[in-house]
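The values are calculated or read from the model by the stated rules, or taken from the named source; none is laboratory data. Just so we're clear, the structure is a prediction, and the values are computed from it rather than from any experiment. When we count neighbours, we look across all protein chains shown, and the Cβ atoms used for this are built from the backbone with ideal geometry, even at glycine. For the accessible areas, the whole protein counts, side chains as well, though only heavy atoms, and no ligand, DNA or RNA atoms are used. Shrake-Rupley method; radii C 1.70, N 1.55, O 1.52, S 1.80 Å.
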Amino acid sequence: MKKICIIGALEFKTMSTGGQPVKTRELYHALCEKYGEKHIEYVDTYGWKKKPLGMFMEINKKATENDVLIMLPAHNGVKIFSRLLFYYKKKKRKKIFYDVIGGWLPEKLKDNPFLRKYLKEFDGIWVETLSMKKSMENLGLNNIVVIPNFKSLEIVDIKNECKQYKEPFKFCTFSRVTEKKGIEDAVNAIN
């Protein structure tokens, strides 16, 4: 069984509810469930700029011990971590993947051929939507896979619910409330 290392902001200490740490933790838990916790390691990159040398030493250690490396950097980290993992792919023959958080990467790649060069060499780039995949393929990347965003939620047993629902109905969204995230579409659909 191959060993996998996730490199991203997990923030287990604070259990932050931001998109990046939630997605990173969800991936970690899903992989632990599928392959067993003993086969999954991680490097928590939260606050890496305050301790860059220690972070790179930890990544080097874990990259040496593991066969598969999965990075989940945000805007600022993608340039640094993609170059670093590119090294492990070329020199150490590691499998490397990039699980993209959000929809900003295609726009960033348009103006950055240097970053595109590194990402083309990854074994896979996992994006959340088909439109992201198409945009990145139009930029020359052919290693794109769509993996929709996910989150483990406890399923409510409707049979045991005894609440009476009446208008006005209450709805909940699991996202930042912005136009880009489609809040107006959600409101229109509810209306």
Open item on the list: Just to confirm the filter: which trypsin sites (Lys or Arg not before Pro) across region 31-115 are DSSP coil and have at most 12 other Cβ within 10 angstrom of their Cβ?
Closed with: Arg93
- [ ] State the answer as a single residue: which of Cys172, Ser16, Tyr42 lies farthest towards the positive end of the charge dipole of the chain, with beta carbon charges of +1 for Lys and Arg and -1 for Asp and Glu, about the Cα centre.
- [x] Tyr42
- [ ] Under a cut-off of 20 Å between alpha-carbon atoms, report the lysines in cross-link reach of Lys51, not counting same-chain residues fewer than 8 places apart.
- [x] Lys13, Lys61, Lys62, Lys79
- [ ] Starting at the first residue of region 99-109, write each ³J(HN,Hα) from the Karplus equation 6.51 cos²θ - 1.76 cosθ + 1.60 with θ = phi - 60°, in whole Hz, x for Gly and Pro.
- [x] 9, 6, 9, x, x, 7, 4, x, 5, 5, 6
Open item on the list: Over the chain, with the other protein chains present, what is the accessible area per residue in square angstrom, probe 1.4 angstrom?
Closed with: 66
Open item on the list: As an exercise, use a Förster radius of 45 Å and the Cβ-Cβ distance of Val146 and Leu53 to find the FRET efficiency, rounded to the nearest 0.05.
Closed with: 0.80
Task: Low-density loop cleavage sites - chymotrypsin sites (Phe, Trp or Tyr not before Pro) in region 38-90, where at most 11 other Cβ are within 10 Å (DSSP) - done: none
Task: Amide proton proximity set for Ile144, modelled H, under 5 Å, gap of 5+ - done: Ile125
Open item on the list: Give me the percent relative contact order of the chain, please, defined on Cα pairs under 8 angstrom at least 6 residues apart.
Closed with: 17
Task: Counting all C-alpha pairs of the chain, share separated by more than 20 Å (%) - done: 61
TODO: Determine the calculated [θ] at 222 nm for the chain from helices alone, applying -39500 (n - 2.57) to every DSSP H run no shorter than 4 residues and normalising by the residue count; nearest 500 deg cm²/dmol.
DONE: -12500 deg cm²/dmol
Open item on the list: So, R0 is 35 Å and r is the distance between the beta-carbons of Phe169 and Glu33; what FRET efficiency does that work out to, to 0.05?
Closed with: 0.55
- [ ] Just name one of Gly77, Leu105, Met132: the one whose Cα is farthest towards the positive end of the charge dipole of region 76-138 (beta-carbon charges, Lys/Arg +1, Asp/Glu -1).
- [x] Gly77
Open item on the list: Looking only at the chain, where both bridge partners belong to it, what percent of the DSSP beta bridges are antiparallel (to the nearest 5)?
Closed with: 0
- [ ] Round to a whole angstrom and tell me the spacing of the C-alpha centers of region 1-53 and region 129-191.
- [x] 23
Task: Heavy-atom accessible surface of the chain: percent carbon and sulfur, 1.4 Å - done: 53
- [ ] Apply the Karplus parameterisation 6.51 cos²θ - 1.76 cosθ + 1.60, with θ equal to phi minus 60°, to every residue of region 72-81 and state each ³J(HN,Hα) to the nearest whole Hz, in sequence, with x for glycine and proline.
- [x] 9, x, 8, 3, 6, x, 4, 5, 5, 6
TODO: Compare Glu33, Glu167, Glu107 in a GNM of the chain, Cα atoms joined below 10 Å, and give the one with the largest fluctuation.
DONE: Glu167
Task: Pairs of Cα atoms farther than 22 Å apart, region 59-142, % - done: 19
